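First comes the structure, then the notes that go with it.
The values are calculated or read from the model by the stated rules, or taken from the named source; none is laboratory data. Just so it is clear, the model here is predicted, and its values are computed rather than measured. Here the Cβ positions follow ideal geometry from the backbone for every residue, glycine too, while neighbour counts run over all protein chains shown. The area values use the complete protein model at the heavy-atom level, side chains included, leaving out ligands, DNA and RNA. Shrake-Rupley method; radii C 1.70, N 1.55, O 1.52, S 1.80 Å.
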Amino acid sequence: MINPTSTVLTPPQSPTFHHKSFGTSPTSPLNVNSNLNGISTVISLGSQSVNPPILPDHPSHTTPTFGSLLSQPVTRTVIVLTVIQSLVALGGKFPDHCTAPSHVYYAGQYSAMLASPFIVPLTPTLLTSAQQTLGTALLLAISNIASLALFEERLTAIFSGNGSCIFRNLFIAIIALVLMMRQVLGFVFSRALGWQFPQLFFSDSMHECNLGLAPFLFALLVIQALFPESSSNDSKSSSPFWTIRRIYIQVILCLLNVVPKTIVWWAASGLIVGFIVALIVSYQRRMGRWGGKVKTSAFEKQQWEDANPILCVEDEEQSMALIKEIDGEFLESTSTTPSASHYHDVSSTGPAAVRERKLSFTIYKAVTYILPMIFLLLALLTGCNQLHTFRPDVSSELINGAIEPNTPFLFTFVLMTAPRKNGVTYIKETLTSYLDNFPDEAVDPLYSRIQIIVYTHFTDFEGYDEAKAYFDTIPKARKHVKWVREEGSEKNQRKHLVSAIRKIGTSEDSVYLGIMEDDFPFCADGWQKMLNTIYDANQKVPNHCGAFIATGGSGLIFKRSVALTASFILENDVLAHERGEVVSPPDISLQNCMLGKHDYCSSCAGTMVTSRTLLQGHLGYNSSTSGEGYHRSQFQCGWRHPF
């Protein structure tokens, strides 16, 4: 038997040994004293005492060199991929534009999506779509690589022995999840929720340009929030500034990505994935994996100390048994060592209940560390998004001077009207919504450049006669409204459109010719948003063929020459229909022309401009002249645009 008075034993290293405190008998030859905060542990064997080494709560901090940061496995691989892919893009081969969910859903550009994290925009096309300058693109590329290197250095140390492999696998998983999440957000907040819940529709969720490492860095920032630097460790570091300020440096480096443009959906994907992965990391470390219980953080120490006392007692008993085995003696329990019966009642719920409480507590504590970081980043992202997306309303002076000021008319709206079932008519309501937005005074530059022509192809149309008699008494209407009636009684929308477009398009010298229906009044703010849309179209898509601000056959504002071209498409449809062939409805034919899907309008491909939401409501949802209808809440003011 070993004599405790003459032999000093050093217990084996054990994670449990360093995290728990336990009581001992004052009369026992082996005494273990531990303070409650788990910092110092003294083991007494008879008259001798030893202080076993204490594992630090955080990895020791040494200031890394720039070269060592860039030579880390993941950072080195990302640099190589970025250089190769950016040079390929610079050669104009692939990709030729920004990636976005719209390109993935509608064009199947999955390869461009996979390459997007490793592309630095260098070509004029990519720089324009990414809304960056060459200098900004290079600056962001350098800062993102530096940020990734800092994350890898920090988290690899936290994950301990196999940290490099764990970080590599974690980063690959984050990339895959972020790319998937970005496509999901694009679909949910545009085509899914946008139909029935217009307030949850965001067109940028589908069309926002996504390039670079930003979302993956945001995800790593959330994960690193699990491991805050404690002040005690910072004060002992050889480089206090490096350790204390590192988290702030990394936050700033991440937020540099929002300076040139909004990336709220791109970054939000990273925050969501970061939240999920952080919970997984917390659970794995709680289970003793991924560096857990070996190099613990302040978060995990607090989590353990606040946990159910039953767990502490179980570990105390295990630690005592280990020491007794080393000493070769069986120490009987004393009054200072808690007995099993003392805890019998509180532990009667069983191991399963204890594990359940332990897991739920782990998740709760992880969330308390993660959510503040997520809320902070979301607030900053939202604020930057508001700054980037804020657009002042276009003034009449600005739009008048910017779009062919020498052409007599800027807008000529053709209001198509025809008898409806049950004799209902909406001409008064619709025309009033136009006149309410037209300028009242001649000093307004648009006063003499806007007109509306009410057109019908029916000789006997009581609603038309009543509306004309009413508006002829209003001075503003006499200034801006013209009335055109063609003789006839045939209900043929294609023929009516062909006749109206050719008659008005050849007689009125106007920049735009708008095809409108008599049951689509402007929304409360629709007119101003229409002006904003037309102005943006001329600034950003100079060769556009028109803008679409409503739905169906209303709200199609063509360039006058394109409208005349579209009349030939409708004329061919009339002839094909008379031959018994199946042809598209007239509104679809007009839309296809603006989309560039017809040979006559091929030059319009890729130039169509739409408003973010529908700028006109629909009064005749249940009294369409085509015999179709839908619910009164559908396709109304504020709904997302179908395109």
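Assess whether L410 counts as being of a type outside the set (S, T, N, Q), under 23 Å from L435 (Cα atoms), open to solvent by 30 Å² or more (accessible area, probe 1.4 Å) and touching a helix residue (DSSP H, G or I) at 6+ places or on another chain (Cβ under 8 Å).
So L410 does not fit the description; no.
Give the residues of the range 277-293 that are of a type in the set (F, W, Y) and modelled with pLDDT of 85 or more, sorted by residue number.
Y283
Answer yes or no: is there a residue in the range 487-506 that is open to solvent by less than 30 Å² (accessible area, probe 1.4 Å), in a helix (DSSP H, G or I), under 15 Å from Y434 (Cβ atoms) and not polar (S, T, N, Q).
Taking every residue of the range 487-506 in turn, none turns out to be open to solvent by less than 30 Å² (accessible area, probe 1.4 Å), in a helix (DSSP H, G or I), under 15 Å from Y434 (Cβ atoms) and not polar (S, T, N, Q).
Looking only at the range 225-241, decide whether some residue is part of a helix (DSSP H, G or I) and modelled with pLDDT of 75 or more. Outline the logic, then answer.
Step one: list which residues in the range 225-241 are part of a helix (DSSP H, G or I), which gives 231-236, 240-241.
Filter once more, keeping what is modelled with pLDDT of 75 or more: none.
No.
Could you say whether any residue in the range 537-544 is touching a strand residue (DSSP E or B) at 6+ places or on another chain (Cβ under 6 Å), crowded, with 24+ Cβ neighbours inside 10 Å and outside any helix (DSSP H, G or I)?
no
Testing Q131 on (1) surrounded by fewer than 16 Cβ atoms within 10 Å (Cβ to Cβ); (2) of a type outside the set (A, V, I, L, M); (3) on the phi < 0 side of the Ramachandran plot, one condition comes back false. Which one is that?
Every condition holds for Q131 apart from (3).
Mind telling me which of the residues V583, V562, V609 ends up being at pLDDT 90 or above and surrounded by fewer than 19 Cβ atoms within 10 Å (Cβ to Cβ)?
The unique qualifying residue is V583.
Of all residues in the range 178-214 being buried (at least 22 other Cβ atoms within 10 Å of the Cβ) and more than 17 Å from A267 (Cβ to Cβ), which is farthest from the chain's Cα centre (by Cα)?
G194
With the range 340-450 as the region, which helices (runs of 4 or more DSSP H) entirely inside it contain at least 1 residues that are within 36 Å of the chain's Cα centre (by Cα) and at pLDDT below 90?
Values: elements: 351-389, 396-402, 427-435.
Of the helices (runs of 4 or more DSSP H) lying wholly inside the range 340-450, those with at least 1 residues that are within 36 Å of the chain's Cα centre (by Cα) and at pLDDT below 90 span 351-389.
Is there a residue being free of Cβ contacts under 8 Å to residues at least 60 places away in the same chain, among the hydrophobic types (A, V, I, L, M, F, W, C) and farther than 25 Å from R286 by Cα anywhere in the range 139-153?
Looking through the range 139-153, at least one residue is free of Cβ contacts under 8 Å to residues at least 60 places away in the same chain, among the hydrophobic types (A, V, I, L, M, F, W, C) and farther than 25 Å from R286 by Cα.
Which of the residues that make up the range 95-122 are in contact (Cβ under 8 Å) with a residue 40 or more places away in the chain and open to solvent by 50 Å² or more (accessible area, probe 1.4 Å)?
The answer is Y105, L114.
List the pairs whose first member sits in the range 478-490 and is closer than 18 Å to I501 by Cα, whose second member is open to solvent by 50 Å² or more (accessible area, probe 1.4 Å) and assigned to a helix (DSSP H, G or I), and whose Cβ atoms are under 8 Å apart, counting only residues at least 6 apart or on separate chains?
As it stands, the answer is W483/K468; V484/K503; E486/K503, since those pairs meet every condition given.
Would it be correct to say that L185 is under 24 Å from N144 (Cα atoms), modelled with pLDDT under 95, in a loop (DSSP other than H, G, I, E, B) and not aromatic (F, W, Y)?
no
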